[in-house]
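J.: Please find one structure pasted underneath; my questions will follow.
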Amino acid sequence: MKIAIISDTHDNEATFKKAVDLIKKEKIKIILHCGDIFKPETLKEGLKEYQGKIYIIFSEADASFSKIPEDSFNDLPKSKVFEKSGQIKIGGKKIAFCHFPEIGRDLAKTQKYDLVFYGHTHKPWEEKTGKTRLVNPGNIAGLFFRPSFAIYDTKTDKLELKILEKL
């Protein structure tokens, strides 16, 4: 099963829609969003025709920047909102996700997860902590680095970085 991992949308609706179009084309039914969305309308607009599930980290930046209560994201269809971190099991893989790299490193150190995804730095990154892969998919907004996201295949254990400018 393939999942898409997105972070740091920063209300860039155009690149978010482009990523979701590719996700739909690849028939990916699960998206993990590692925070810094800002306004829920950005996700709602970009996900209009997406039929899959989305798991969302509601980061502190979302709360302080947008002044929108956390429950504003709850009316997104097929979504689940987490605060500091989320944990799911997909295709036999234990996956955690969060916004801040420090939280991600702490989660990876527990060795409870196969993968831990995080955002915040906007820089695509992968490293290993014991058996756990610690991964930043980059950022959708295109701030500081090219807009990117990741696709992970639980069957093949393959992780692929998608740079939106090249698609």
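J.: So, in region 85-126, exactly how many residues are in a strand (DSSP E or B) and under 24 Å from LEU143 (Cα atoms)?
T.: Of the residues in that region, 7 qualify.
J.: How do the pairs read when you match residues in region 138-156 that are over 21 Å from LYS39 (Cβ atoms) and of a type in the set (Phe, Trp, Tyr) with residues anywhere that are modelled with pLDDT of 95 or more and assigned to a loop (DSSP other than H, G, I, E, B), using Cβ under 8 Å and keeping only pairs 6 or more apart or on different chains?
T.: If the second residue must be modelled with pLDDT of 95 or more and assigned to a loop (DSSP other than H, G, I, E, B), the pairs left are PHE145/HIS122; PHE145/LYS123; PHE145/PRO124; PHE145/GLY138.
J.: State all residues of region 136-167 that are of a type in the set (Asp, Glu) and within 15 Å of ILE28 (Cβ to Cβ); if no residue qualifies, say none.
T.: Once the filter is applied, which keeps residues that are of a type in the set (Asp, Glu) and within 15 Å of ILE28 (Cβ to Cβ), region 136-167 yields ASP153, GLU160.
J.: Same structure again: Return only the number of the condition from (1) assigned to a helix (DSSP H, G or I); (2) at pLDDT 95 or above; (3) of a type outside the set (Lys, Arg) that GLU165 does not satisfy.
T.: Tallying (1) assigned to a helix (DSSP H, G or I); (2) at pLDDT 95 or above; (3) of a type outside the set (Lys, Arg), GLU165 fails exactly one: (2).
J.: Here's a check for you: in region 17-53, which residue that is in contact with a strand residue (DSSP E or B) (Cβ under 7 Å, 6 or more places away or on another chain) and among the charged types (D, E, K, R) is farthest from LYS80 (Cα to Cα)?
T.: Restricting to residues being in contact with a strand residue (DSSP E or B) (Cβ under 7 Å, 6 or more places away or on another chain) and among the charged types (D, E, K, R), the top hit is GLU26.
J.: Moving to a separate point now. Can you tell me which residues in region 88-107 are surrounded by fewer than 24 Cβ atoms within 10 Å (Cβ to Cβ) and among the small types (Gly, Ala, Ser)?
T.: GLY91, GLY92
J.: OK, next. When region 1-35 is examined, which residues are found to be part of a helix (DSSP H, G or I), in contact with a helix residue (DSSP H, G or I) (Cβ under 6 Å, 6 or more places away or on another chain) and either surrounded by fewer than 24 Cβ atoms within 10 Å (Cβ to Cβ) or of a type in the set (Val, Ile, Thr) (or both)?
T.: Selection gives GLU13, THR15, LYS17, LYS18, VAL20.
J.: Here's another thing I want to ask about it. If you take the residues in region 145-162 that are assigned to a strand (DSSP E or B) and among the aromatic types (Phe, Trp, Tyr), which one is surrounded by the most Cβ atoms within 10 Å (Cβ to Cβ)?
T.: Out of the qualifying residues, it is PHE149.
The values are calculated or read from the model by the stated rules, or taken from the named source; none is laboratory data. Small disclaimer: the values here were computed from a predicted structure and weren't measured. Cβ sites come from the backbone with ideal geometry, for glycine too, and all protein chains shown count toward neighbours.
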